[in-house]
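Here, each number is a calculation from the coordinates, and none is a lab measurement. Source: prediction; values computed, not measured. Heads up, the Cβs are rebuilt from the backbone with ideal geometry, glycines too, and the neighbour counts pull from every protein chain shown.
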């Protein structure tokens, strides 16, 4: 890539020395000097700070995300219907009680079947 060139005009040798000094302070080097002109050069520099800043801007959020991700656990949700399990358990104990009554001949076969249908139908 070609260098950018800038022209500065001065009228006296003292202004020329002042201009040269101000460009030296800005990082320019005196390449050539005659009584009526001076050429100043400032070579481009690779500044490591900017790539490091760019790298950190990309890397820091990634590290933060990985730390948060490592701290998380799997989540499980169990959904139950209110009273569903209790009703099933109550029906089971009712069936057991009904079976005992039937085995002891307290209720007839027809009554046992009728009551069993009611219990099983309500679940």
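Data for the structure
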item	result
In the stretch 5-55, residue surrounded by the fewest Cβ atoms within 10 Å (Cβ to Cβ) [restricted to those that are free of Cβ contacts under 8 Å to residues at least 12 places away in the same chain, part of a helix (DSSP H, G or I) and over 56 Å from the mean Cα position of the chain (by Cα)]	14
Residue list for the stretch 109-121, restricted to those being more than 60 Å from the chain's Cα centre (by Cα) and loosely packed, with under 11 Cβ neighbours inside 10 Å	109, 110
